[in-house]
Structure formats: C-alpha cells, structure tokens
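Note sheet for the following structure.
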Amino acid sequence: MMSAPELPTKTQVCIIGAGPAGVIAAYLFALRGVSVVLLEGEKDFDREFRGDTFHASSLEVLEQLGFADDVVALCNSKVGQLNFKSAEHSLQVADFSAMECKFPFVGIIPQEKFLSYMVSKAEVLPDFKILMGARVKELIQVDGKITGVKYKQDDKEYDLGSLLTIGADGRGSTARRLANIKLGKTAPPMDVLWFRVTIPKDVELKESVDVRVGSGTMLVMVNRGDYIQCGYIIMKGSYKELRNEGIEHFHNEVKTLAPELTSTISEIGDWKQCAILSVVTGCVEQWCQDGLLLIGDAAHIMSPVGGVGINYAIQDAVATVNLLADAIKEERLSITDLAKVQSRREPAVKFIQTFQMFAQKRIITSALKSDKPFSPPLPLRVVSKLPFMRKRIAKFLAYGKCPERVEGV
C-alpha cells in the first residue's frame, strides 16, 4: 500500500471494487496505457464463501494474457460433469469434459488467490495503482457529470478525480447506491445456507461438485481440497424455521442427503458457523450515467445457478476495456460510449438470467416444495439421456451467448 504522500489525486479511470471484474478491468486498462486506480474497501481479499467457479470463457481470457497455466495451477479441483443425485436417481445435466476446447472443465479456484495473483501482475504496470482499505463515501459531481470519488482510508478522507468511474463492487454496490441507480430485483424462491466441514478421512470424493436432492431438501457440496464447502438450499424466508428446529435436526437433514458427512457435520455446533445467502437476482435499467459505469454484479446480480457470476463479471470487464480504452486515451469519452457496454453485454446477461429462472422454477422449487422423494422433471430426464444436449448445456454455461476476447494488446 502506498504511503499518504504518494496517494494519487487524479487518474483516467477509477474502479470501485477489487473483485474479478475490477481487477481484470484495471489490469487491461493499465496494459492499454490508461492510468487506473483500483479502490478496495477491505484491507485484504480473505472472505468466506465467495464465488470461485471459473468457466472456459474466463480461462481463455487469461490464456490470451499468458496467465492461464498459473491460474489453473491454483485450482482446488476441476469439475468435469454436473450431476443431480437423489435416493432413486442419478442424472448428468452438463458434461464439460466433452467440450472441444483447451479448458474442458470448471476450475474451482479460491477467489482470494486469484485476486492476489492478478494484482501482483498488475502492480508491475506503471499505469496501475491499488488502494486497499479505501472506502468510497461520495461520488464527485460537476455540472451533472461524475468526475471522481471521495474515499476514506485509515480515518482520513481523500478526493480522487477521474474521467471515468467504474462501479465493480458487487451485489451490494456502493457506487450504485450513491448514484441512486435502482436495481430491478427478482427474488428466486430459495436461500442458501453456506458452511464448511473437513473431508472425512475414510471418504474419497468422486465429484468436485455434487448436488444431492432429497424430500424437500437440497445440498450442494464443493470439494475445496482440504475441506468441503456445502450449500444447504432452503425455501426463501425459511431460515428462522430451520433454526427453531435446532442444530441437531439440521445435522440429521445433512446426513440424510450426504451420509458420507456423518462423521464431520458435528463440526457445525453453532449457527454462527454458517452464512445465509438471501438469493436475489436483478438488473439495473441503465448501467451508466455521465462519467459512471456499472459492471458485474453492480449492474446485474446473478443467481448461484450454474456458477457463472464471476465469468459474466470478467466478460463485462473485457468488453468495457475493448470499447472504451481508446476513447479514454483520446479524452473523447461520452455517455454514448458508456452505453455501448450495456448494449454489448445486456443481451447475454438477460439470456442467462432467463435460463437461471427456468432452472430455479422447474428444478429447485419443485424439489424444495415436495415432501416426497425427488422426481426429476421431464426436461432434466431428457437431457440426462442425450450426450449432445449435456455437451450443449455445458458449452452454454461455459461461454454464454456472447463470449468476449481481449483486443488491442
């Protein structure tokens, strides 16, 4: 971190939020010779239960930059297939291993390690600076145009002027709130209770990601190498009822879905060891104002379905730099230029969100509302029997409707 006398007061691009969208956009701008300051509100990247599924589209962007091999080496595990399992059924719905590409898998990569790696690569570029523990408090406006931010770091306040401010600060975006941009929300009928347990010594996990479906219950298990991250999926608003039933009841529900966790689920002795994610999806109507652009979850909150959030954030970042770098360097950036990012990215975002809503309604909701053993809906049964369909779904999740490639470097 830079000392106070070295703190910048002006830059061409100010990016709020050092998540995947923020670090990729910052790196690419700096690589194109655009000065960029990346502001991260926390003092480190170490957070529990952050998304960390990297699909082929993101890995191919990193391959263009020469970073893919290093990033893949950070994988805790690789997902070749996506399966749904219940007491009576085992269905494969996506086969990533069948894709004809360099990265026929989904990489489970700790976000902390990825962000630290990308920052280390960016810090060698003269046009890149990052300020950790820098919390944005206000957007600076002059004649209706956003011209920078006021932020607080180590109990001191600073101004940072910029030609463009980018909000890449996630679902609870400060940039979005300060700009008074309204998020059109939908509330999928589910919440997720995240927790982690050690891998039992006598258990060999055959799947990197395992989805178990019971009678009105659902569990996602992700192999992190030395522990298992679990997502216990519940009906929206039912967390209080689950807590009232007691921690032992919760243990029994998990044991029923995943008997192999019988010896380690008791590690969860308090609800404080769990984190409840209230699943919300949505999209802002307009991604930009004069001098401001929202990307990633700041512009469009994704459902956990398909694990695509990071990848769409990275695609947004790539498109942003492709479309805006030259205009910024030539100091001719206008709101019309900013609107091009939304025009480019929004169709792909809405397409995947429509798919996620379909999956939530036809698969997840039907499983959670039933007190009978899970009966797979017809579309799921059909897909599981057709290899070409499993491959197409995998490719759709991996690349989406409009995959981006890095330009100008």
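First check a/c for the stretch 178-219, with a ≥ b ≥ c the square roots of the eigenvalues of its C-alpha gyration tensor; if it is under 1.5, answer rounded, and if not, answer prolate when a/b is larger than b/c or oblate otherwise.
Verdict is prolate for the stretch 178-219.
Counting other C-beta atoms within 10 Å, which of 52, 44 has the fewest, and how do the rest follow?
Least crowded to most crowded, the residues run 44, 52.
Over 23 Å between Cα atoms, which of 85/372; 240/369; 43/329 qualify?
43/329
Quick one: dipole size for the stretch 33-109, taken about the Cα centre, charges +1 on Lys/Arg Cβ and -1 on Asp/Glu Cβ, in debye to the nearest 20.
Dipole magnitude for the stretch 33-109 comes out near 140 debye.
Tell me the net charge near residue 178. Cut-off is 12 Å between Cβ atoms, residue 178 excluded, with +1 for each Lys or Arg and -1 for each Asp or Glu.
Summing Lys/Arg as +1 and Asp/Glu as -1 gives +3.
Placing +1 at every Lys and Arg Cβ and -1 at every Asp and Glu Cβ, with all other atoms neutral, what dipole size does the chain have around its Cα centre, in debye to the nearest 20?
About 1300 debye.
Per DSSP helix of 4 or more residues, -39500 (n - 2.57); summed, then divided by the residues of the chain. What does that give at 222 nm, rounded to the nearest 500?
-10000 deg cm²/dmol
How big is the charge dipole of the stretch 257-342 about its Cα centre, in debye rounded to the nearest 20, if each Lys and Arg gets +1 on its Cβ and each Asp and Glu gets -1 on its Cβ?
So the magnitude is around 40 debye.
Of 358, 108, 266, which is farthest towards the positive pole of the chain's charge dipole, taken about the Cα centre with +1 and -1 on the beta-carbons of Lys, Arg and Asp, Glu respectively?
Looking along the dipole axis, the top candidate is 358.
Just want the ordering: 287, 194, from fewest to most Cβ atoms lying within 10 Å of their own Cβ.
Starting with the residue having the fewest Cβ neighbours, the order is 194, 287.
Sort 185, 329 so the one with the fewest other Cβ atoms within 10 Å of its own Cβ comes first.
Ascending Cβ contact count within 10 Å gives the list 185, 329.
Quick check on the stretch 190-278: take the gyration tensor over C-alpha atoms, sort the square-rooted eigenvalues as a ≥ b ≥ c, and tell me if it's rounded (a/c under 1.5), prolate or oblate.
Verdict is prolate for the stretch 190-278.
Could you tell me the distance between the Cα centroids of the stretch 335-409 and the stretch 102-123, to the nearest Å?
For the stretch 335-409 versus the stretch 102-123, the Cα centre distance is 23 Å.
Name the residue farthest towards the positive end of the dipole of the chain from the options 209, 170, 86, assuming +1 on Cβ of Lys and Arg, -1 on Cβ of Asp and Glu, about the Cα centre.
86
Using the alpha-carbon centroid of each, what span in Å lies between the stretch 202-261 and the stretch 7-31?
Rounded to whole Å, the Cα centres lie 38 Å apart.
What is the sum of charges, Lys and Arg at +1 and Asp and Glu at -1, for the other residues whose Cβ falls under 12 Å from the Cβ of residue 349?
Here the count lands on +1.
Since every read-out is calculated from the coordinates, none of them should be taken as a lab result. Everything quoted here is computed from the prediction, not taken from an experiment. Positions of Cβ are generated from backbone atoms using ideal geometry, with glycine treated the same way; all protein chains shown enter the neighbour counts.
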